[in-house]
Amino acid sequence: MSTESSHDVVVIGGGHNGLLASIYLARAGFDVLLAERNEEVGGAIASGEPISPGFVHDLYATNMNLFLGSPAFADLGADLIAQGLSLATTSRPYSCAFPGGASLRVYQDRDRTREGIAAHDPLDAEGWDRLAAAYDRFAPSLFEFYGTPLPSVAAAKWLAGAAKKHGVSGLGEVGQIILSSTRQLGDAYFHSEEMKAMLAAWGMHIDFAPDATFGGLFPLLESFADMDNGMSVVQGGAGGLAQALAAVARNAGAEIRTASPVESIIVENGAAAGVVLTGGERVRARRAVIANLTPAPLVRLLPEDSATASTRRRLATYSYGPGTMVIHVALNGTIPWAAGGDLDQFGYVHIGPYLRQMSQTYTDAVNGILPADPLLVVGQTSATDPTRAPEGSSVIWIQVRMLPATIVGDARGEIEARDWKRAKDAYGERVLEKVESYAPGFRERIIGSQVVAPDDLEAANPNLVGGDSVGGSHHLSQNLLFRPAPGISNYRMPLPGLIMVGAATWPGAGLNAISGRLAAQELIAGDSVPRKLLKLSDSVKRATSDFRNRRR
Ligand SMILES: Cc1cc2nc3c(=O)[nH]c(=O)nc-3n(C[C@H](O)[C@H](O)[C@H](O)COP(=O)(O)OP(=O)(O)OC[C@H]3O[C@@H](n4cnc5c(N)ncnc54)[C@H](O)[C@@H]3O)c2cc1C
């Protein structure tokens, strides 16, 4: 027998943006229910022990820097810490390994980093200085823009302020930097192939292959922000952040239901009016349904009627980027990098090695070809947080960028399987062999490993379509005012009452914690009488009537 309940807002999905929207709304007095399909909230923030007890792996996201730099963390950090969130930070944030034992290392120390770059190539050090100066000059404005709704009065004010602060020539300078591809930016500032590769590797975290326009923004910000701040992970595993967010949401009064997949969105009188959970329970939403979903899984929940036609049409052309594979490794000791020294202590070691491989990898991935030599992001999480592995051993997280969602061939002609179920182990071998070639003896140290293919990622979280870890391409045509589609970058879908937050909305993927906060704030601001006042007036009414009744 199906039941029915009613709330002000129903949130579909407990990714960090759904959780944040719930926190802000519940704190403003809204009655919020969040329904999450999985056993745990967090979405792409989770940790576990998939290989061996005592080895804690971040299953998806690991680098918490975006979250820690977000306005949401500024608002809620103390509450999250009170709920058990604890962070571990390394002063060796990232590095790159190259053939022949060469490497580049970025420390949380500008002088030490520069010394290493200058030793590699003095011309690179000059370029690094120039790019660092551009970062210092423009980053505050860029970070502010990143947290501004689009379009909005605030965005117009931001533009006017930025023009005043930097002048027309300054805007031109920063505009050229962020619109550049990583190849163009590297060529403009650096001399060696290695430095150009270190910059371009950051673009590959999203879907900016070396020649994609607008690829320069993320690498510019990550390169220097990680140098200045180090790199942080959640002590004890990324799941600690999801749990702390859920605790803060519950304390604010939000109801969170896990293992509760939403099966469809109820549309009545031309507006989103609630959801139906698996099992038939109907949950009505008096004010809004907030979907922490990317377009494909969202559209699947919409009834095919005329009221939803515009939303379905606008989201139909949304494009996803190439897929990702994650390999979790439990290791005796640390990775024996040929480059030696303290390389085994860095948060990330990128292995491209060069732009040629990155470029070819992207082209192959979007054409269905298994790349011969993919970019690896080797996360050495237990070097930052030793609590995650027994003494003398370590936990390694390898993200493989980029891979096809559907396989039509193999660039090396070695793997015959054309589906991920059968191809993943062979491809995992290719990845582990690549690490071995930069760290002879690595494989002998492996205690156990787990290969998570693109289709495994999508099965765990329907937002990761084809294993796209960033919830949709971030190319210019689908970014800024065009995310997820032109005219609907302000989180409100054409279907009244339906709001979309998360990686497919501005400002895109990563633990930036922005869309959930901004969408909630807009809903709160749009409330003609703030909920807290309504609640207050309800209690005043109740108290007055109690008083009258008592006098009778
Ligand atoms: C492998 C990997 C590595 C990454 N590494 C980093 C990193 O190091 N640093 C970083 O900043 N970012 C990283 N990212 C990106 C980042 O994790 C994501 O962009 C971000 O977590 C997306 O958050 P979100 O709020 O959009 O929701 P999501 O995390 O996508 O969560 C959405 C939630 O909705 C739920 N859901 C879906 N459908 C339904 C339904 N019908 N009913 C109920 N619930 C539903 C899902 O189960 C999920 O819990 C990584 C991503 C991946 C996949």
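The figures follow:
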quantity	calculated
Residue within the range 231-245 that is more than 13 Å from the ligand (Cβ to nearest atom), under 30 Å from Q176 (Cα atoms) and outside the structural domain of D31 (by TED's automatic domain parsing) present	no
Pick from the range 356-370, criterion of a type outside the set (S, T, N, Q) and open to solvent by less than 30 Å² (accessible area, probe 1.4 Å), ranking: nearest to T406 (Cα to Cα)	G368
All positions within the range 249-282 that are more than 15 Å from the ligand (Cβ to nearest atom), closer than 22 Å to L25 by Cβ and of a type outside the set (A, V, I, L, M)	R250, N251, G253, E268
Qualifying residue in the range 123-141 (condition: buried (at least 20 other Cβ atoms within 10 Å of the Cβ) and not in a helix (DSSP H, G or I))	no
Residue match in the range 427-434 (condition: among the basic types (K, R), over 24 Å from L142 (Cβ atoms), assigned by TED's automatic domain parsing to the domain that holds C96 and within 16 Å of the ligand (Cβ to nearest atom))	no
Scan of the range 22-46 for residues that are of a type in the set (A, V, I, L, M, F, W, C), more than 9 Å from the ligand (Cβ to nearest atom) and not in a loop (DSSP other than H, G, I, E, B), ordered by number	I23, L25, A26, V32, L33
Yes/no for I51 being open to solvent by 10 Å² or more (accessible area, probe 1.4 Å), of a type in the set (A, V, I, L, M) and more than 22 Å from the chain's Cα centre (by Cα)	yes
Lone qualifier among F442, F482 - being in contact with an Asp or Glu (Cβ under 6 Å, 6 or more places away or on another chain), away from the ligand (no atom under 13 Å from the Cβ) and not small (G, A, S)	F442
For G175: the one exception among (1) within 25 Å of the chain's Cα centre (by Cα); (2) surrounded by 15 or more Cβ atoms within 10 Å (Cβ to Cβ); (3) among the small types (G, A, S)	(2)
Top-ranked residue in the range 207-229 [being open to solvent by less than 20 Å² (accessible area, probe 1.4 Å) and not in a helix (DSSP H, G or I); ranked as farthest from S91 (Cα to Cα)]	A212
Any hit, the range 331-354, residues being under 30 Å from L481 (Cα atoms) and of a type outside the set (A, V, I, L, M)	no
Flag if V267 is under 25 Å from the mean Cα position of the chain (by Cα) and buried (at least 20 other Cβ atoms within 10 Å of the Cβ)	no
Matching residues, the range 121-161, being more than 28 Å from M198 (Cβ to Cβ) and not hydroxyl-bearing (S, T, Y)	P149, L150, P151, V153, A154, A155, A156, K157, W158, L159, A160, G161
Check on T387, at pLDDT 95 or above, outside the structural domain of L159 (by TED's automatic domain parsing), in contact with a Lys or Arg (Cβ under 8 Å, 6 or more places away or on another chain) and not hydrophobic (A, V, I, L, M, F, W, C)	no
Segments classed as strands (runs of 3 or more DSSP E), wholly inside the range 55-107, with at least 3 members that are more than 16 Å from the ligand (Cβ to nearest atom)	94-98, 102-106
Contacts under 7 angstrom Cβ, first residue in the range 289-301 being over 20 Å from D8 (Cβ atoms), partner within 8 Å of the ligand (Cβ to nearest atom), 6 or more apart	T294/N463; T294/G471; T294/G502; T294/A503; T294/A504; P295/A504; P297/P462; P297/N463
Exclusive hit being under 29 Å from the mean Cα position of the chain (by Cα), over 25 Å from F208 (Cβ atoms) and open to solvent by less than 50 Å² (accessible area, probe 1.4 Å), set S180, S152	S152
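The values are calculated or read from the model by the stated rules, or taken from the named source; none is laboratory data. Predicted model, so just to flag it, every value in this text is computed and none were measured. Note that each Cβ is placed from the backbone with ideal geometry, even for glycine, and that neighbours are counted across all protein chains shown. For accessibility, only protein heavy atoms count, side chains too; no ligands or nucleic acids. Shrake-Rupley method; radii C 1.70, N 1.55, O 1.52, S 1.80 Å.
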